Each structure stands twice: as C-alpha cells, then as structure tokens.
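Quick notes on the structure that follows.
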Amino acid sequence: MTTSFTAEPTGSDTPAVRPRGGSQGGTWVARLTGRLFARVALCLTATFLAYCLASYSFDPLAVYESRQPRPPQQVIDAQAARLGLDQPVPLRFFSWLGGVLTGDFGTTVGGREIGDELWTRTGTSLRLYLIGATIAVALGIVVGVRGALSTGALRAQWSMLWTLTVLAVPVFVLGTVLKMLWLPINDVAGTQILYFSGERTAGADFTGTAALVDRLQHLVLPTICIALPQIAFFSRYQRAAALDVANSGYVRAARARGLPRRTAFWRHGLRSAVIPVVSLFAFSFGIHLAGGVFTERIFGWYGLGDWIITAIHDHDARVCASVTLLFGVLVVLAGWISDLASVALDPRLRANS
C-alpha cells in the first residue's frame, strides 16, 4: 500500500507535510521503497490481466484451421502443445512468467524467439520516447512558467488556444498533418531535409557523421509528434501551479523587499511550482507511451508499439504480455524517478526521516 501526503497549514506560509494516517513512522527511503513495491505489484497484475484477456480472446490456431487444404490434426495438435494451449490460462501465465525471470520470453506464434526481437524493438522505441519526453517536460515547464508570469491578456489567451487545440487533436491526425506540412518544404528544397518513414535510410551504408545526420533526419518529425501533445499537457498544469506559487505569501514577501516579480519567482518559487508537474509525469507516462504506439505506426518505426499491433493481428498472447510487462516496467521506473525528484525538490518530504 502506497503512502500519500497531505498538507497541513502551520503558522508560516509554507505548509508542513506529514504522512496521512496516524504515525509519522518510516524514513523517506522506506516510504519510497514501499511505493516502488506497490508499483511493481500493479505492473505484474496488469501483465496478468493482459495475458488472460489476450489468451481468452485470441485463437492462434485459426490460421492453421482456415487453410485450404486443412493441415492434418496432428500438426494442429503439435502447434497447440508448443503454445501451451492444452493448459489452463493462469497456469500458462505463471509458466511464461517463470521463463521471463530467467530471461526466456518464449516464442511467437510463428516460432521466433521473443527475447531477441524484444530488446531490439525496445532500443528503437526508447530512442524515440525518451528524447520526446525529455523535450516535452523541459519545454512544458518553460512554456507554463512563462505563461504564468506573462502580464498580457492576449498572450495568455493565445497560450490557452494553442494548447487546447493540440490536446484536442488525436496523435494519428497530428502525425498525418506533420507529414502534409513538411512535404512541400522538401519539394521546394529539392531534397529530403526530413524523412517521413523509418528509423534510418534503408540500404544506405552511412558511417560516422553521415549516419548520425541520417538518423536525425528520420527522428525529428516523430519526436515532434510525441513531444507536442506532452508540451501542451504539461504547460497547462505548470501554468496553473506557477500562478498559485506566484501569488503565495513568500513570493509576495520577496517582492516587498524590492525584487521584480519574475526575479522573485525564479529565486523563491520555481522549485515549489515544478513539484506538481514532476509528480504528474509519473501518472501521465503510460498515456504518452500509448500515444507512441500510433506514432511508430504512422512513421514506420519498428518499435514496441508497432509490434504489439502486429501481435494483436497475429493472435499472439505472449508478445502482448511481453510488451505490456515492458511498458509496465517503464511506468514503474518513471514513477520511481518522479518520487526521487519530488523528494530532492521538496525538503518537507524528508522532514520525517
């Protein structure tokens, strides 16, 4: 069970934070460890549910039974035995999970090793997700803070308009629009400045700087597709948090000592304003991973998102469970990093250690 925190007003402007539910027990290390174990349990539960849902919904033998002429029954039975379809679904899951703990993710419906392809596709996806998420968090904080400190009503209305517009556009529409907007630019330039498909140019034998430039040309548009909705998402929350902090007592006190509004905020309020957005990152990370599934499909990146769509088409429960487990691990890590960042930014969370 995770520990949540509530603010309790004191005689000063800065609220004191204490664990909800009685005693102050446990250091912040113990609390973060408890939250980590709770997230791991939730990750395993989600993987179990995904495996069961896929197993009860899929029929991996349908491709054999629909063939003309139909394969001999012995061939179909052999495939069923290889996939473990003669066992109850929960037993299949725990047998598969036992293999995962030893590094064996099993085989696909087609007989390929899942583990090798899983790590290859994970590297492809992480190059896209991590760059996009890093840019989104950094720019989301900057845009949100600048919007909060802006004194112009027109600028505030423009900020709200573009963020709400981006948030209202589905990812697959945004990716298509980016392609359509950049296509005439490539035509005018007479060369491919940015590419629309793939992680690198197929068949090209680039090395060194040329290889890096080629990857960047393929990376820009899908990164924008991933980062832009997140920038709009985080900037809205950051603006609201920054407005609360900018009007707090300790920032007003700094302004009363002669500091300009922006200087008082950057010196005394920025850290407090960033804390809610850091916590929000952990809860939103899974949503943005789901958006990455569509981005990979649109721009032809053969990562985890593309693979899970293919696995659903192939009725492959093991691949679906493997990708779900890996996504869950990434969400757990994001939550853990978010907790560590919150503790580093807010000394009140370490007050009881």
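The set of residues in segment 198-255 being more than 24 Å from residue 285 (Cα to Cα), polar (S, T, N, Q) and surrounded by 14 or more Cβ atoms within 10 Å (Cβ to Cβ) consists of 201, 217, 248.
If you filter segment 114-138 down to residues that are among the hydrophobic types (A, V, I, L, M, F, W, C) and touching a Phe, Trp or Tyr at 6+ places or on another chain (Cβ under 8 Å), you find that the one that is farthest from residue 291 (Cα to Cα) is 114. The helices (runs of 4 or more DSSP H) found wholly in segment 159-258 and carrying at least 1 residues that are charged (D, E, K, R), touching a Phe, Trp or Tyr at 6+ places or on another chain (Cβ under 6 Å) and over 25 Å from residue 144 (Cα atoms) occupy 171-189, 208-246.
Checked against the criterion of being surrounded by fewer than 17 Cβ atoms within 10 Å (Cβ to Cβ), over 18 Å from the mean Cα position of the chain (by Cα) and farther than 19 Å from residue 295 by Cβ, segment 166-183 has no qualifying residue.
Residues in segment 79-109 that are loosely packed, with under 11 Cβ neighbours inside 10 Å, assigned to a loop (DSSP other than H, G, I, E, B) and more than 29 Å from the chain's Cα centre (by Cα): 86, 88.
Please count how many residues of segment 17-36 are closer than 18 Å to residue 341 by Cα and at pLDDT 50 or above. The qualifying residues number 10. Here residue 287 meets each of (1) assigned to a helix (DSSP H, G or I); (2) modelled with pLDDT of 80 or more; (3) surrounded by fewer than 21 Cβ atoms within 10 Å (Cβ to Cβ); (4) not small (Gly, Ala, Ser) with one exception, condition (2). In segment 300-319, the qualifying residues are those that are aromatic (Phe, Trp, Tyr) and surrounded by fewer than 24 Cβ atoms within 10 Å (Cβ to Cβ), and the one that is farthest from residue 215 (Cα to Cα) is 302.
The values are calculated or read from the model by the stated rules, or taken from the named source; none is laboratory data. Bear in mind the structure is a predicted one, so any value in this text is a computation, not a measurement. For neighbour counting, all protein chains shown are included, and Cβ atoms are generated from backbone atoms with ideal geometry for every residue, glycine included.
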